[in-house]
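Right, one structure below, let's go through it.
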Amino acid sequence: MREMTYIQALNEALHQAMSEDSAVFVLGENIRGGMRPETAGLDDAFAPGRVLDMPISEAAFTGFANGAALAGMRPVVEFQVASLMFPAFDQIVNQAAKLPLMLGGQAHIPITFFLMGAGAGGGRAGQHSDNPYTFLIHAGIKTVCPATPADAKGLMLAAIFENDPVAVVVNANLLRTTGEVPAGSERTPLANGKVRRAGRDATVCAIGSLVPAALEAAERLTADGIEVEVWDPRSLLPFDKEGLAASVAKTGRLVVADDSARTCGFAAEVAGLAAERCFDSLRAPIKRVTRADVTVPYSTPIEHAMLPAAGEVEAAVRAIAA
Amino acid sequence: MSESRDPVEWYRRMRRLRRFEMRAAELVGEGEIAGPVHEYIGEEAVAVGVCAALRADDVITSTHRGHGHILAKGGAPDRMYAELLGRDSGYNRGRGGSMHIADFALGIFGANGIVGAGAPMACGAAYTFKLRGEDRVAVPFFGDGAMNQGVLLESFNLAVVVDLPVVFACENNGYAISSPIDEMLGGELVERAAGFGLPVRSVDGMDVRAVHAATSAAVERARAGGGPTFLEFRTARYSVHNIATGARMRDSRSEEMLAQARGRDPLERLAGELSGNGGWGAGGREAVDDEIERELEGAIGFARNSPRPRPETALDYMYADTYPDFPAPGWEQ
C-alpha cells in the first residue's frame, strides 16, 4: 500500500468523490488555484463551477450549500479553521441539522462540513484553537474525527456520500502525519470504532489527535507491564457503543482522552455510556483526560499547560491500573 | 399551479390566501392549533403577483409568515391545514407546523422560523440550476425586518459576485415585529440593496398587477442569465405580528395607519377593476368567493379527520441514514 500524508489523503478523497458523482462540489474561502493543499488540483481536474471560491461570508455560504443540498447537490463546505463555523452556526444548527425532521422526510441535506485547522498547540490563540465537535454533536450533526491518513480519506468519502449533514473535524496537528492509504475509494463506515493497539489492562478511548498521544502513552506503560488497549471511535456521532463496551468488558478500566472542554464534553458522554453499559465489568473509576474549562491561551507554556497530551493519558492510566 | 396572467385567477388566489388565514385564526381561537400563527392578511398581492410570474419548477423560500407564499406557489390547503393541526397527513407530517411548511414537488423549499435564513438557501438552489444549465430561478421572500440580518446582506453580495438567477422579494410591511422600520433601519432600504450592485425596483405591493409585472421582468432577466434583482414591495400587514391560543399580542400600530392600509386593499382593488370592465365571467365575484369557501371547508374537514402522528414515530426523519441505537432515545426503552 502507498504511504502519504494525511492532507494528501484528504485531497485524494475529494478528487475521487468528485469523479464518482457530479453532484459533489467544493466551496470555501481561497480554495482555487492551488492555494491550499487539501483542495489542490481540483479546479484543474473538474468542470468550471465545481470548485467555488466564496466571499468571507461563512453564514451565507453555508446557507448557500444547504440550499444546493436541498436542490440535489452534495456540497462540501470548507472552513479553513474549525472555529470559523461559529459565524455560520444558525445555518448549521437551526437549518442543516433540524430541517430534515422538520420537513417530515421530504428532503435530505447531504452536506459535508469540512472543518480544517481544528485543535490547539500551535500558538493560534483562543479563536483558532477549538475542537468544536461537542457543539455539533449536541445539535445532532453527525461528526467524524479521523486520526490517520487512511481514515482521513475513508471518513471523508463516507461523509460526502452520507445522506445527512456530516462534519469532518480535521486536527491541524495531524496534517503532516503519514501512513498507508488505500488507492481505491472505499468508505470507512460511521459508528465503527477501531482498536489501534490491543491490551488487557485498561482501555484508552482516544479521539482524533489524542490517538497518537495514547499510543505513545501505551508504549511507555508497557515497559512497566501495563498493557493498554487504544480504542479510536473514529465517528463520535453516531458512536460505536458496542465497540466501546467490548473493549471495556475485556480490560475493566477506562480512560477517555478528549481534546475539548471538560464540562459537558464528549468524554463525559463516553463515561456516561460506560457507566450505564459496562458497570459490572468496571474494576476502577472512569478517568477523563480533557482540556481545562478555559479559553486556550496564547503563550506556549500556558497553552500546553491546559491541553491534554501523552503524559496526562499515561498518568490517568497509572492511577487506575495499579 | 403557479404561472398565471388571468386577473380572475389572481383574485381567486388572493381570496384563497385571505380566507385561509381568517379560518386559521378561527382555528387558533378554538384551540385547534398548537403553536403561533403569523397571518399574511393584507399582503396577498405580493405572494400572488410574484408566484404568478414563476414556473412550477422555479423555487421559493419563505418566511415565518409563509402561508401566503405556499398557497400562491400551489400549496394544497388541505395538507396545509393538516400541518397546522399537527396531523400526519400534513405537508411535514406534523413535524414542522405553521412556520415550516414546504412542498419540494412544487419548488417550495420551506417557510423558516429564522428571519433571513431562506435567502442563502435560495442562492444555493439557484447555483444548482446554473451548474446544471437549467433556466430555473429562485425567489427568496423576506421582510423589511430581515434587511438587518447579516446573512441576508451577505446573500445579496453572494448573488451578485456568483451571478445567480435570484429575484430577492422584500415585503416591506413597515414593521419589524412591532417596531417601525424607520426606527430600526439606517439609510434607505432600497439603496442598501443597490449598494451591493443589485438592480433594484420599488413596487406598490398592494397592486397585484404591478407586482406581477415587476417580477416578470426580473424573472425574465434572471432566466436569460442576466443575474439577480432586488424588488421592494411596499405592503401592509393588517393583523398583529402573530396569534396563538390563549395569548394576545398587543398591536402598537396606529388605527389611522391600519385604516389607510385597508383603504388600499389588494383584493378590493382588483375586484373593483374586474367589476368595472366586466371581467368576472359567469357567476361573478360571488361564484369565486363561494368556490373558495367550499374548498377551505373541505380542507379543514380533511385536516380534522386525519390522524395525528403516532407517539412511537417521534424520532423519525431526523436522519436519512440511521444506525443501531441511533438516534438515541431519551431513556432506556
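The values are calculated or read from the model by the stated rules, or taken from the named source; none is laboratory data. Everything numeric here is computed off the predicted structure, so don't read it as measured data. Cβ placement follows ideal geometry from the backbone for every residue including glycine, while neighbour counts extend to all protein chains displayed.
Residue-by-condition table, conditions (1) within 13 Å of chain B (Cβ to nearest Cβ); (2) among the aliphatic types (A, V, I, L, M); (3) surrounded by fewer than 20 Cβ atoms within 10 Å (Cβ to Cβ):
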position	(1), (2), (3)
A:Leu27	yes, yes, no
A:Asn30	no, no, yes
A:Gly49	yes, no, yes
A:Leu52	yes, yes, no
A:Ser57	yes, no, no
A:Thr62	yes, no, no
A:Leu70	yes, yes, no
A:Pro87	yes, no, yes
**Prompt:** Hey, among the residues in the stretch B:135-149 that are within 10 Å of chain A (Cβ to nearest Cβ) and in a loop (DSSP other than H, G, I, E, B), which one's farthest from B:Gly225 (Cα to Cα)?
**Reply:** B:Gln149
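So which of B:Ile181, B:Ile177 is modelled with pLDDT under 95, touching a helix residue (DSSP H, G or I) at 6+ places or on another chain (Cβ under 9 Å) and surrounded by fewer than 17 Cβ atoms within 10 Å (Cβ to Cβ)?
Working: B:Ile181 fails: surrounded by fewer than 17 Cβ atoms within 10 Å (Cβ to Cβ).
After applying the criteria, what remains is B:Ile177.
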**Asked** Any idea which of B:Gly276, B:Gly330, B:Gly301 is surrounded by 12 or more Cβ atoms within 10 Å (Cβ to Cβ) and free of Cβ contacts under 8 Å to residues at least 24 places away in the same chain?
**Response** B:Gly301
**Asked** Does at least one position in the stretch A:137-146 carry a residue that is more than 14 Å from chain B (Cβ to nearest Cβ), farther than 18 Å from B:Thr322 by Cβ and modelled with pLDDT of 95 or more?
**Response** yes
**Asked** Yes or no: B:Ser239 among the hydroxyl-bearing types (Ser, Thr, Tyr) and at pLDDT 95 or above?
**Response** no
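Please work out if B:Val151 is in contact with a helix residue (DSSP H, G or I) (Cβ under 6 Å, 6 or more places away or on another chain), β-branched (Val, Ile, Thr) and more than 23 Å from A:Val76 (Cα to Cα).
Working: in contact with a helix residue (DSSP H, G or I) (Cβ under 6 Å, 6 or more places away or on another chain): yes; β-branched (Val, Ile, Thr): yes; more than 23 Å from A:Val76 (Cα to Cα): no.
Criteria not met by B:Val151.
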**Request:** Output the number of the condition that A:Arg288 fails; it satisfies all remaining conditions of (1) in a helix (DSSP H, G or I); (2) under 17 Å from A:Cys205 (Cα atoms).
**Result:** (1)
**Item:** Residues within the stretch B:304-327 that are at pLDDT below 95 and either farther than 23 Å from A:Gly243 by Cβ or surrounded by fewer than 12 Cβ atoms within 10 Å (Cβ to Cβ) (or both), tallied
**Value:** 1
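Within the stretch A:282-305, can you find the residues that are among the hydroxyl-bearing types (Ser, Thr, Tyr) and crowded, with 17+ Cβ neighbours inside 10 Å?
Step one: list which residues in the stretch A:282-305 are among the hydroxyl-bearing types (Ser, Thr, Tyr), which gives A:290, A:295, A:298-300.
Answer for the stretch A:282-305, where residues must be among the hydroxyl-bearing types (Ser, Thr, Tyr) and crowded, with 17+ Cβ neighbours inside 10 Å: just A:Thr290.
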**Prompt:** Does the stretch A:232-239 include one or more residues that are of a type outside the set (D, E, K, R), assigned to a loop (DSSP other than H, G, I, E, B) and touching a helix residue (DSSP H, G or I) at 6+ places or on another chain (Cβ under 6 Å)?
**Reply:** no
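For the stretch A:105-147: of the residues being at positive phi and touching a residue at least 12 places away in the same chain (Cβ under 8 Å), which is surrounded by the fewest Cβ atoms within 10 Å (Cβ to Cβ)? I'd like the intermediate steps shown before the answer.
Pass one, the stretch A:105-147, residues at positive phi: A:105, A:117, A:119, A:121, A:123, A:125, A:140.
Going one step further and asking which of them are touching a residue at least 12 places away in the same chain (Cβ under 8 Å), we end up with A:117, A:119, A:121, A:123, A:125, A:140.
On the way: A:Gly117: 20, A:Gly119: 25, A:Gly121: 17, A:Gly123: 12, A:Ala125: 14, A:Gly140: 19.
Filtering first and then ranking leaves A:Gly123.
Every residue, every condition in (1) within 19 Å of A:Pro149 (Cβ to Cβ); (2) within 14 Å of another protein chain (Cβ to nearest Cβ), yes or no:
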{"site": "A:Pro189", "(1), (2)": "yes, yes"}
{"site": "A:Ser209", "(1), (2)": "yes, no"}
{"site": "A:Val228", "(1), (2)": "no, no"}
{"site": "A:Phe239", "(1), (2)": "no, yes"}
{"site": "A:Ala249", "(1), (2)": "no, no"}
{"site": "A:Arg253", "(1), (2)": "no, no"}
{"site": "A:Val256", "(1), (2)": "no, no"}
**Prompt:** Is it the case that A:Val170 is surrounded by 19 or more Cβ atoms within 10 Å (Cβ to Cβ) and assigned by TED's automatic domain parsing to the domain that holds A:Leu282?
**Reply:** no
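Quick check on B:Arg248: is it basic (Lys, Arg) and farther than 30 Å from B:Ala194 by Cβ? If you could, list the steps in order and put the result at the bottom.
Working: basic (Lys, Arg): yes; farther than 30 Å from B:Ala194 by Cβ: yes.
For B:Arg248, the condition - basic (Lys, Arg) and farther than 30 Å from B:Ala194 by Cβ - is met.
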**Message:** I want to confirm something. Restricting to the stretch B:115-131 and keeping residues that are within 7 Å of chain A (Cβ to nearest Cβ), touching a residue at least 12 places away in the same chain (Cβ under 8 Å) and among the aliphatic types (A, V, I, L, M), which single residue is nearest to B:Asp57 (Cα to Cα)?
**Reply:** B:Ala125
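Out of everything in the stretch B:132-145 that is over 16 Å from B:Glu43 (Cα atoms) and surrounded by fewer than 24 Cβ atoms within 10 Å (Cβ to Cβ), what residue ends up being nearest to the chain's Cα centre (by Cα)? If you could, list the steps in order and put the result at the bottom.
Keep residues of the stretch B:132-145 that are over 16 Å from B:Glu43 (Cα atoms), which gives B:132-139.
Okay, now just the ones that are also surrounded by fewer than 24 Cβ atoms within 10 Å (Cβ to Cβ), so B:132-136.
Details: B:Arg132: 27, B:Gly133: 27, B:Glu134: 24, B:Asp135: 22, B:Arg136: 19 Å.
For the stretch B:132-145, the residue satisfying everything is B:Arg136.
Inspect all residues belonging to the stretch B:234-242 and state whether any of them is within 30 Å of A:Ile111 (Cβ to Cβ), crowded, with 18+ Cβ neighbours inside 10 Å, touching a Leu at 6+ places or on another chain (Cβ under 9 Å) and of a type outside the set (Lys, Arg). Can you show your working first?
Filtering the stretch B:234-242 for residues within 30 Å of A:Ile111 (Cβ to Cβ) gives none.
There is no residue in the stretch B:234-242 that is within 30 Å of A:Ile111 (Cβ to Cβ), crowded, with 18+ Cβ neighbours inside 10 Å, touching a Leu at 6+ places or on another chain (Cβ under 9 Å) and of a type outside the set (Lys, Arg).
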**Item:** Flag if B:Arg65 is away from chain A (no Cβ under 12 Å), of a type outside the set (Asp, Glu) and more than 28 Å from B:Phe230 (Cα to Cα)
**Value:** no
**Complete:** Pairs returned, first residue in the stretch B:69-87 that is under 27 Å from B:Ser4 (Cα atoms), second residue that is charged (D, E, K, R) and assigned to a helix (DSSP H, G or I), beta-carbon separation under 6 angstrom, 6 or more apart or interchain, are B:Leu71/B:Arg16; B:Ala72/B:Arg13
**Item:** Of the criteria (1) of a type in the set (A, V, I, L, M, F, W, C); (2) in contact (Cβ under 8 Å) with a residue 40 or more places away in the chain; (3) surrounded by 19 or more Cβ atoms within 10 Å (Cβ to Cβ), which one A:Met102 fails
**Value:** (2)
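Being touching a strand residue (DSSP E or B) at 6+ places or on another chain (Cβ under 8 Å) and in the same structural domain as A:Ile160 (by TED's automatic domain parsing), is that true of even one residue in the stretch A:99-106?
So the first thing to find is which residues in the stretch A:99-106 are touching a strand residue (DSSP E or B) at 6+ places or on another chain (Cβ under 8 Å), and the list is A:106.
If we keep only those that are in the same structural domain as A:Ile160 (by TED's automatic domain parsing) as well, we get A:106.
Yes: the stretch A:99-106 contains one or more residues that are touching a strand residue (DSSP E or B) at 6+ places or on another chain (Cβ under 8 Å) and in the same structural domain as A:Ile160 (by TED's automatic domain parsing).
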**Prompt:** Inside the stretch A:268-313, can you point out the residues that are charged (D, E, K, R) and either at pLDDT below 95 or more than 16 Å from A:Ala257 (Cα to Cα) (or both)?
**Reply:** A:Glu276, A:Arg277, A:Asp280, A:Arg283, A:Glu303
**Item:** Scope the stretch B:277-293; condition touching a helix residue (DSSP H, G or I) at 6+ places or on another chain (Cβ under 8 Å) and of a type in the set (Asp, Glu); matching residues
**Value:** B:Asp289, B:Glu291, B:Glu293
**Item:** The lone exception for B:Leu152 - which of (1) of a type outside the set (S, T, N, Q); (2) surrounded by 24 or more Cβ atoms within 10 Å (Cβ to Cβ); (3) within 8 Å of chain A (Cβ to nearest Cβ) it fails
**Value:** (3)
**Asked** Looking at A:Gln91, A:Gln95, A:Gln106, which is the one that is under 21 Å from B:Phe109 (Cβ atoms), within 14 Å of chain B (Cβ to nearest Cβ), in contact with a Pro (Cβ under 8 Å, 6 or more places away or on another chain) and of a type outside the set (A, V, I, L, M, F, W, C)?
**Response** A:Gln91
**Prompt:** In the stretch B:197-250, what residues are in a strand (DSSP E or B) and farther than 26 Å from B:Arg15 by Cβ?
**Reply:** B:Val200, B:Arg201, B:Ser202, B:Thr229, B:Phe230, B:Ala247
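Looking only at residues that are acidic (Asp, Glu) and within 10 Å of chain A (Cβ to nearest Cβ) in the stretch B:74-108, which one is surrounded by the fewest Cβ atoms within 10 Å (Cβ to Cβ)?
The first filter runs over the stretch B:74-108 and keeps only residues acidic (Asp, Glu), leaving B:78, B:83, B:88, B:103.
Checking the rest, the ones that are also within 10 Å of chain A (Cβ to nearest Cβ) come to B:83, B:88, B:103.
Values: B:Glu83: 29, B:Asp88: 17, B:Asp103: 20.
So the residue we want is B:Asp88.
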